[in-house]
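The values are calculated or read from the model by the stated rules, or taken from the named source; none is laboratory data. Since we're looking at a predicted model, the values are computed, not measured. Ideal geometry is used to build each Cβ from the backbone, glycine not excepted, and the neighbour counts take in all protein chains shown. Each accessible area value is taken on the protein alone, full model and side chains, heavy atoms only, with ligands, DNA and RNA left out. Shrake-Rupley method; radii C 1.70, N 1.55, O 1.52, S 1.80 Å.
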Amino acid sequence: RRSLLKKILEENGFARAIEAHNGISAIVANNVIVNPGKTNFDAIWISSLTESAAKGQPDIELMGLDSRLATVNQILDVTNKPIIVDGDTGGDPNTFEYFVRKAESLGVSAVIIEDKVYPKRNSLDLNAKQILEDPKIFANKIKRGKNVLLTDNFMIIARIESLIAGKDVNDAIGRARQYLEAGADGIVIHSKSKSPNEVIEFARRYKELTSEI
């Protein structure tokens, strides 16, 4: 099923994903039907926040990527939708190479990693200090992950945390450029503002950026 997510994106221009964090939640997610006779979700998103919470642990990369891979295996066993995995920061580049090779071999379609220093703190934690990784270091991690893949079907997506860390859209766009040039297959912009303005501004400028690259 590894290639399914790319196929959906190419055909529809978007994909709807629903979150799961263990086997039983994945069975529910895989069979959600909103309209009679139509399943409305295209993919399953495995979140570090909910996986950690399901194990009674904080969302601070405490569980490790092997724990995430074990959860991936549980969910693959009981579902048939493409899988998108939250890879937190990805760890150091060697760890990230190991993770993407393992995830690719299992049949995962994509991993999303965020540009914070390891170990990350949950973006919604009001008491946590959010420290961003140097964009050149993070871009190199993306490049190394892409270089060890065996197929073109597995995607590495960069989640930009500039707005979470109190920086502006200029910082986010600068990071997006570096990550795309390093080989990222997509960009996620993250904001916790009650207003959509900064996300809309990023989207406008991101469209301009992708027309240049």
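Of all the Cα-Cα pairs you can form in the range 101-158, what percent are over 17 Å apart? Roughly 47 percent, once rounded to a whole number. Once you divide the Cα radius of gyration of the range 52-110 by 2.2 N^0.38 Å, the number left is 1.11. All C-alpha to C-alpha distances of the range 1-157, sorted into 5 Å bins beginning at zero, yield P(r) values of 2, 9, 18, 21, 20, 16, 9, 4, 1, 0 percent in whole numbers.
What the chain shows is 50 Å² of accessible area per residue, with the surface traced by a 1.4 Å probe over protein heavy atoms. What the Cβ-Cβ distance of Thr151 and Ser195 gives, at R0 = 41 Å and to the nearest 0.05, is a FRET efficiency of 0.55. Counting only DSSP beta bridges with both residues in the chain, what percent are antiparallel, rounded to the nearest 5? In the chain, DSSP labels about 10 percent of beta bridges as antiparallel.
Heavy atoms only, probe 1.4 Å: what % of the accessible area of the range 118-181 goes to carbon and sulfur, would you let me know? Carbon and sulfur atoms account for 46 percent of the accessible area of the range 118-181. Per the Debye calculation on the range 65-213 with a single equal scatterer at every Cα and no solvent contribution, log₁₀ I(q)/I(0) for q = 0.13, 0.18, 0.19 Å⁻¹ amounts to -0.59, -1.07, -1.17. Dividing the Cα radius of gyration of the range 166-212 by its Kirkwood radius returns 0.96 for Rg/Rh. Simple spin-label estimate for Leu126 and Tyr98 gives 3.8 nm between the two label positions (7 Å along the Cα-to-Cβ direction from each Cα). Going through the cross-link list Lys146/Lys192; Lys55/Lys194; Lys81/Lys129; Lys7/Lys146; Lys136/Lys207, which pairs have a Cα-Cα distance over 25 Å in this structure? Flagged as over cut-off: Lys146/Lys192; Lys55/Lys194; Lys81/Lys129.
Each 10 Å bin from zero holds the following percent of Cα-Cα pairs in the range 1-87: 18, 48, 28, 7, 0. Near Leu149: Cβ cut-off under 9 Å, other residues only, Lys/Arg at +1 and Asp/Glu at -1. The net charge is 0. Between Ile60 and Ser211, the simple spin-label model (points 7 angstrom out along Cα→Cβ) gives 4.5 nm.
Average 1/r across all pairs of distinct alpha carbons in the range 130-193, invert it, and you get the Kirkwood radius: 12.1 Å.
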